[in-house]
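Undergrad: Input: one structure, supplied below.
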Amino acid sequence: MNTPYKQVIELLEKYREFMVSRQRAAHIQRMKEDGMELSRIHHLDSEKLLVAVCAHDLFRDTRPDVLLKMAKVWNIPLTDEERAFPLLLHGKIVGEFLKRRFGIRDEEIITAVAHHTSGVPTESKIVKALVILDTTEHGRSFPGVDELRKTAKESLDECYEKVIKNKIEYALDNDLLVLIKSVETWNYLKLKGVHDEVF
């Protein structure tokens with residue numbers, strides 16, 4: 001049986017008190033505050049978005065070996081990226097947790113939490129909003145973040161594309177792994193509406 005979203009949010013906030021670090025909890029709270037504003041501006045389902053916000057990093061501070069064990073027990077298929085960097089699993093673990101603990105089957109919420117780190121090819125405004133909020137919440141400080149925040153209020157679609165670009169550029173500039181889903185998302189966004197043959 002599905003737990004009402006308002007009750008899910010309240011329970012997730014209680015879990016947050018002992019499952020994540022103080023810094024992580026503050027990050028989630030800032031996202032919640034910014035998420036309410038984005039919901040008002042873009043007429044989003046605020047409860048649905050807040051479930052995703054309050055849940056997305058619940059397992060972010062869980063040890064990598066524990067994440068791998070949870071993935072095995074819950075039969076979550078692993079990518080090569082996740083085998084090499086198990087911390088990348090935390091979003092998928094959250095998605096499975098929401099299904100098992102609260103009976104949540106809403107694909108927007110599950111997809112949002114599962115892919116909030118990388119982004120994912122999607123037209124869902126809830127998914128886009130979570131990815132955007134994770135990057136732009138008002139405690140973040142990096143070159144260009146103010147412009148991203150301004151764009152987020154004007155257009156979720158445009159901001160989502162800019163955030164994905166930012167993720168890829170940051171990885172390349174710092175000689176880090178470029179997540180496959182980020183590349184897939186970038187290509188999806190670039191090919192949207194393109195009907196001519198690509199050479």
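Undergrad: Would you please state which residues of the stretch 64-88 a label at ILE180 would reach in this model, taking the label point 7 Å out along Cα→Cβ and a backbone N cut-off of under 17 Å?
TA: Under cut-off, by backbone N: 76-88.
Undergrad: Per-residue accessible area for LEU176 at 1.4 Å probe radius, Å² rounded to 10?
TA: LEU176 exposes around 90 Å² with every protein chain in place.
Undergrad: Could you tell me what a quarter of the Cα convex hull surface of the stretch 106-199 works out to, in nm² with one decimal place? Could the numbers behind the result be given before it?
TA: Details: hull surface 28.5 nm².
In nm², the orientation-averaged hull projection of the stretch 106-199 is 7.1.
Undergrad: Hey, with R₀ at 35 Å, roughly what FRET efficiency would GLU13 and GLU123 work out to, going by the Cβ-Cβ distance, to 0.05?
TA: Once the sixth-power term is evaluated, E becomes 0.75.
Undergrad: Can you compute the equivalent ellipsoid semi-axes for the chain, i.e. the square root of 5 times each eigenvalue of the Cα gyration tensor, sorted largest first and rounded to whole Å?
TA: On the way: eigenvalues 126, 88, 59 Å².
Ellipsoid half-lengths, sorted descending, are 25, 21, 17 Å.
Undergrad: Of ILE104, ALA52, LEU172, which is farthest along the charge dipole of the stretch 50-199 in the positive direction, counting Lys and Arg as +1 and Asp and Glu as -1 at C-beta?
TA: ILE104
Undergrad: Residue separation times 0.36 nm, minus the C-alpha to C-alpha distance between TYR188 and HIS43: what's the value? The partial results should precede the final answer.
TA: Values: separation 145, 0.36 × 145 = 52.20 nm, distance 2.47 nm.
Length difference between fully extended and current span is 49.7 nm.
Undergrad: Measure off 7 Å from each Cα along the Cα-to-Cβ vector at PHE142 and GLU33, then give the distance between these two points in nanometres to one decimal.
TA: 2.1
Undergrad: Related question: Given the alpha-carbon gyration tensor of the stretch 1-109, what are the semi-axes of its equivalent ellipsoid in whole angstrom, ordered largest first, with each equal to the square root of 5 times an eigenvalue?
TA: Working: eigenvalues 117, 51, 35 Å².
For the stretch 1-109, the ellipsoid semi-axes come out as 24, 16, 13 Å.
Undergrad: Here's another thing I want to ask about it. What are the extents of the Cα atoms of the stretch 71-156 along their three principal axes, in Å, largest first?
TA: Largest first, the stretch 71-156 extends 42, 29, 23 Å along its Cα principal axes.
Undergrad: Over the chain, average the accessible area per residue using a 1.4 Å probe and give it in Å², no decimals.
TA: On the way: 10830 Å² over 199 residues.
Here the residues of the chain average 54 Å² of exposed surface.
Undergrad: Let me ask something else. Dipole size in debye (nearest 20) for the chain around its Cα centre, Lys and Arg Cβ +1, Asp and Glu Cβ -1? Working shown, then result.
TA: Details: 31 positive and 33 negative charges, 159 e Å.
Using Cβ point charges on Lys, Arg, Asp and Glu, the chain gives about 760 debye.
Undergrad: So, counting K/R as plus one and D/E as minus one, what does the shell of residues with Cβ under 9 Å around HIS115 add up to? Kindly include the intermediate steps, with their values, before the conclusion.
TA: Numbers: positive: LYS92, LYS181; negative: none.
My count for the surroundings of HIS115 gives +2.
Undergrad: So which lysines can LYS128 reach, going by Cα to Cα under 17 Å and dropping same-chain residues fewer than 8 places off?
TA: Straight-distance partners of LYS128: LYS32, LYS48, LYS92, LYS150, LYS153, LYS162, LYS165, LYS167, LYS181, LYS190, LYS192.
Undergrad: How many percent of the accessible area of the chain is carbon or sulfur, using a 1.4 Å probe?
TA: Working: 5680 of 10830 Å².
About 52 percent, which is the carbon plus sulfur part of the accessible surface.
Undergrad: Tell me, what is the 1.4 Å probe accessible area of GLU37, in Å² to the nearest 10?
TA: Surface accessible to solvent at GLU37 totals approximately 70 Å².
Undergrad: Select from LEU67, THR79, ALA152 the residue farthest towards the positive end of the dipole of the chain; place +1 on Cβ of Lys and Arg, -1 on Cβ of Asp and Glu, and compute about the Cα centre.
TA: Checking the options against the dipole of the chain, the answer is LEU67.
The values are calculated or read from the model by the stated rules, or taken from the named source; none is laboratory data. Here the structure is a predicted model, which is why all the values come from computation and not from measurement. Positions of Cβ are generated from backbone atoms using ideal geometry, with glycine treated the same way; all protein chains shown enter the neighbour counts. When the accessible area is computed, the model is the full protein with side chains, heavy atoms only, and any ligands, DNA or RNA have been set aside. Shrake-Rupley method; radii C 1.70, N 1.55, O 1.52, S 1.80 Å.
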